[in-house]
Amino acid sequence: MHLANDWKKTARGQALEVLEEVFQEGAYSNIALNAHLSKSQLTDKDKALVTEIVYGTVARKITLEWILAHVIEDRDKLEPWVYDLLLLSLYQLNYLDKIPAHAVVNDAVSIAKNRGNKKGAEKLVNAVLRKLSSQPLPDPSKIKRVNKRYSVQYSLPVWLVKKLIEQYGEERALAIFQSLFVRNKASVRVTDVSRMEEIAEATGAERSDLSPVGLVKSSGYFAGTDYFKEGLLTIQDETSQLVAPTLAIQGMEEILDAYKLPYKEEVPVVCMDEKPY
């Protein structure tokens, strides 16, 4: 597809739109992503790419911003969408090995050329991305300050790094950082257990080792299936599925289900069909 006036219909264009809503408007990434993909005409493979770019850019944002700071003198001089476009493009260059660098750069330049009203954005995007793709990226392991180094390496806020080290000690905190850096599996709760095997086979999922009503995949766009639309699947983390059974609810109780998210990005509802990248 030619990007010209159809950049919004491309995978990277839709990823940019979602990230603009998340970073500039404070939207929840799972809700914004689901809203875009549910009405999108993209192929399943391109939907997988959009999902990977959105969740990946959100999850690695601190690391990506640190790298960009080495090639951008003043980010405040950039229009927000340009900066977001650089972030998602850098994510692909740094983490998606199977995508050619020239494809990432060319698509970003084409989007920049047609996304904004001001001329010249495409030149900046081209220069920055070609520089990033043609030379080794800065190495966060060389950061001298421990808290800052871990923050950039594992894309965690400095305050959280500091708090975990104070509470658990550096060795155990580091193990926690590393575990948080691993991407979660796509997981769902099956509402009709009698159809567990049928749904597992149809979606290519496996039964959860933790939850008797859970299915998991290394990646999967469960929200796009008819099972999800019919209410036979609920997007829910494996461990969250264990809460209600643990309470041994009898049916007469009054239960308050309340929680606070530390980050709006952290509850994935839309997951990838596949992860070919």
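Read-outs: derived from the displayed coordinates by stated rules, not from any lab. This structure is a prediction, so every number in the text was calculated from the model and none was measured. Positions of Cβ are backbone-derived with ideal geometry, glycine not excepted, and every protein chain shown enters the neighbour counts.
Among [x] 58, 44, 37; [y] 67, 49, 38; [z] 63, 49, 33, which one is Cα extents along the principal axes in Å computed from these coordinates? Recomputing Cα extents along the principal axes in Å here gives the entry labelled [z]. Note on the chain: with a GNM built from Cα contacts shorter than 10 Å, the maximum mean-square fluctuation among G13, G56, G231 falls on G231. Averaging Cα coordinates gives a centre for the range 41-69 and one for the range 180-250; these two points are 24 Å apart. Rg and Dmax, both from the Cα atoms of the range 1-93 and both in Å, are 13.1, 38. With the largest listed first and rounded to whole Å, the semi-axes of the equivalent ellipsoid of the range 50-135 from the Cα gyration tensor are 18, 15, 13.
In square nanometres, what is one fourth of the surface area of the convex hull spanned by the alpha carbons of the range 1-53?
Values: hull surface 14.1 nm².
The number I arrive at for the range 1-53 is 3.5 nm².
Rg over Rh of the range 105-211, using C-alpha atoms and the Kirkwood radius, what does it come to? So for the range 105-211, dividing Rg by the Kirkwood Rh gives 1.19. The simple Förster model, with R0 at 30 Å and r as the Cβ-Cβ distance, assigns L256 and Y168 a FRET efficiency of 0.55.
Distance cut-off 30 Å, Cα to Cα: go down the list K45/K144; K9/K123; K98/K185; K61/K163 and report the pairs above it. It would help to have the intermediate numbers written out before the result.
Details: K45/K144 41 Å; K9/K123 22 Å; K98/K185 20 Å; K61/K163 20 Å.
Result: K45/K144 exceed 30 Å.
Lys/Arg Cβ at +1, Asp/Glu Cβ at -1, dipole of the range 1-118 taken about the Cα centre: which of I62, S38, L96 is farthest positive-ward? Result: S38.
If you place +1 on the Cβ of every Lys and Arg, -1 on the Cβ of every Asp and Glu, and leave all else neutral, what size is the dipole of the range 51-153 about its Cα centre, to the nearest 20 Debye?
Details: 17 positive and 11 negative charges, 57 e Å.
Here the range 51-153 has a charge dipole of around 280 debye.
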